[in-house]
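Q: Got a structure here, written out as structure tokens. Questions coming.
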């Protein structure tokens, strides 16, 4: 088809001026061989649109979207050729909305909507640790005292406090106790991380704790049905930790089985501060190293038998073996979203080998992204998905450019190529994931690149090969050989993490960006990599705009906790907190989002109030705020309720008001946390209820 024909076919249907149509036609024509790469991007835009909706669509709206999708499918058959990519892009966006909505309704389950205290009974299906380093149990087959089965959550999560040394938890064990449960907590501030959404897709209907000793209601063997793989992985985890005691064993169990319960929070924090926490997550790195080692080992062993190697496709047999090893690793690790994502990416590449296609390419990455987004659309809004694909796409794109220019290899000694490859991989992956990590965790590990260069090679050269050796020798009782090889390497990683995390300025706090920053930056980067032609440089402009938005991020001046337990007001030295201990999780979240390295006690000292003061005055940024804690403080309310002042109380109050703006715990339970700022001389309020909207996971 000539350019003139394309101009006529495009300009007439959409009415574009003829001087614009040729350029658009040529731009679309230039993408013909690369259009599939845009498919997961369009699908992700639709999924992101669904999660950004202010309310859940009603049945009529879902039907209308389905009808539009059907019309677009039909239209693609008779519209002009140049319009088909645009129609398909819109179709994929709508399909993304429909897929995400279907998934959200599919996983729907009962959610506890009030604070519960009473008898709790259930079967252990997961064991991990809470942020306070307490053992935490996830229970299914739940029974709650006084709650009908139809209203009982499918799973609940319970942190164990107090004397619980008598309990040796294992999957399948049915336990009972008396404890506190509540609905998954709402965000600490409007627009903050919404744990309720994550819990909704995980089927988690309540979270809480107990200080009462947990008793065994039935042995693990009685509840073993459906938990065979999980019981196996916990048995392996215990065996590893028995043979390799201490933190090394906990680290080994985490990377082999996904069980992190053996790692103390202190060491976990060291890994986070040194940007090495990704070594614990069974994701792309581990899956790639394992399957890559198995692939190479099998191919080498078969190549050592020339009669066999000359008669069969050993490369494909090795790929099948590596695929089987990856599938077993997926099952053994618990099958969480990060591991599923890693396995799908590796499986796509190994299947490409079986089909004699290029294994590592942007097309393989796009195929893996499509599969994941269709099966688990909620993964899009998770940092793990974003960081994994950001690193993979950047690495593939960079090495594609380097492979096209072979002259650079000739200028580098052969012995230096492996080391240079590690440096390039760490640098590219670090730069690609840095904005997402900074936005998600509100900090940047200053020496993360150094820590990764010192440790990541050991994962591929020592730890994963030793893990395969331990698995091969385990049936003969010789797995200790592989673990003994692994132990010094793990010790080195933990030592590097501790040393790097203790360096001055090891962590730089980062202000949480505007919600538009990461989507805009991601789309800009994808446009820069995927688009063919000079227009690709528009991606840099989008990324620059995203950085400008980040720099101009305006944090709320006044924040009020969900039940009024703590109030925070920005001052010259940072956010002043009204309480030194109350609402610790909320306060820590605020300070992290501010990019403030102070802890709660230090932020409270900025208020010049005593730790036990029931009446705390906070002034700054044009605000005059009084926080009242406890019922006794309410006696001072009439005298404190002055014009222009905001008074917050953490207790219910139904007495007479006054000229002040009074915010009580009763109102806060209805609205959630509140944020105030001055806009054009007017006080602007935004609550969690307003920011979250009426979604499936935010309904009371």
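Please treat every number below as a calculation from the coordinates, not as lab data. Being a predicted model, the structure only gives us computed values, none of them experimental. Note that we place each Cβ from the backbone using ideal geometry, even for glycine, and neighbour counts take in every protein chain shown.
Q: What is the log10 of I(q)/I(0) for region 431-588, computed with the Debye formula using one identical point scatterer on each Cα and no solvent, at q = 0.10, 0.13, 0.19 Å⁻¹?
A: Log-scaled intensity ratios, in q order: -0.67, -0.90, -1.13.
Q: A further question on this structure: Could you check the simple spin-label distance between residue 585 and residue 670, using points 7 Å along Cα→Cβ, in nm with one decimal?
A: It works out to 2.5 nm between the two label points.
Q: Of all alpha-carbon pairs in region 548-700, indicate the percentage at a distance above 27 angstrom.
A: Percent of Cα pairs beyond 27 Å in region 548-700: 20.
Q: So if each residue of separation counts as 0.36 nm, and I subtract the Cα-Cα distance between residue 402 and residue 374, what length gain in nm does that give?
A: Difference between extended and current length: 6.9 nm.
Q: Debye sum, Cα scatterers, region 31-106, no solvent: what log₁₀ I/I(0) at q = 0.19, 0.20, 0.23, 0.25 1/Å?
A: Normalising to I(0) and taking log10 leaves -0.80, -0.87, -1.05, -1.16.
Q: List the equivalent ellipsoid semi-axes of region 161-301 in whole Å, largest first, each obtained as the square root of 5λ for an eigenvalue λ of the Cα gyration tensor.
A: The equivalent ellipsoid of region 161-301 has semi-axes of 30, 23, 17 Å.
Q: Let me test this: with uniform point scatterers at the alpha carbons of region 236-509, what is the Debye-based log₁₀ I(q)/I(0) at q = 0.08, 0.11 1/Å?
A: -0.34, -0.67
Q: Quickly estimate the mean residue ellipticity at 222 nm for the chain, helices only: each DSSP H run with n ≥ 4 gives -39500 (n - 2.57), and the total goes over all residues, rounded to 500.
A: Calculated mean residue ellipticity at 222 nm is -16000 deg cm²/dmol.
Q: What distance in nm separates the simple spin-label points at residue 218 and residue 421, each placed 7 Å from Cα in the Cβ direction?
A: 5.2 nm
Q: What's the ranking of 384-393, 475-484 by average number of surrounding C-beta atoms within 10 Å, highest first?
A: For the peptides 384-393, 475-484, the packing ranking is 384-393, 475-484.
Q: Restricting the count to DSSP beta bridges whose residues both fall in the chain, what percent are antiparallel, rounded to a multiple of 5?
A: Beta bridges within the chain, antiparallel portion: roughly 80 percent.
Q: Cα centroids of region 499-575 and region 73-88: how far apart, whole angstrom?
A: 38 Å
Q: Taking Cα pairs under 8 Å and at least six residues apart, what relative contact order does the chain come out at, in percent?
A: Relative CO of the chain lands at 11 percent.
Q: Provide the descending list of Cα extents for the chain along its principal axes, expressed in whole angstroms.
A: Principal-axis extents of the Cα atoms in the chain, largest first: 91, 77, 54 Å.
Q: How much of the DSSP beta bridge set in region 558-698 is antiparallel, as a percent to the nearest 5?
A: Restricted to region 558-698, the bridges split so that about 75 percent are antiparallel.
Q: Next up: Counting pairwise Cα distances across region 97-212, what percent come out greater than 18 angstrom?
A: For region 97-212, the share of Cα pairs beyond 18 Å comes to 52 percent.
Q: Rounded to the nearest 0.05, what FRET efficiency do residue 70 and residue 130 have when you use their Cβ-Cβ distance and R0 = 60 Å?
A: Once rounded, the FRET efficiency stands at 0.80.
Q: Going highest first, how would you order 31-37, 527-533 by mean Cβ packing within 10 Å?
A: Output ranking for 31-37, 527-533: 527-533, 31-37.
Q: Along Cα→Cβ, 7 Å out, is where each label goes; now give me the distance between the ones at residue 115 and residue 31 in nm to one decimal.
A: Computed distance between label sites residue 115 and residue 31 equals 5.3 nm.
Q: In what sequence, highest mean first, do 246-252, 582-588 appear when ranked by Cβ atoms within 10 angstrom?
A: Final packing ranking: 246-252, 582-588.
Q: Would you kindly state how much longer the chain becomes between residue 602 and residue 309 on full extension, computed as 0.36 nm times their sequence separation minus their alpha carbon distance, in nm to one decimal?
A: Length difference between fully extended and current span is 98.7 nm.
Q: Give the calculated FRET efficiency between residue 316 and residue 685 to the nearest 0.05, with a Förster radius of 51 Å applied to their Cβ-Cβ distance.
A: 0.20
Q: Okay, moving on. Tell me, how many Å apart are the Cα centres for region 222-282 and for region 389-462?
A: What the calculation gives is 26 Å, centre to centre.
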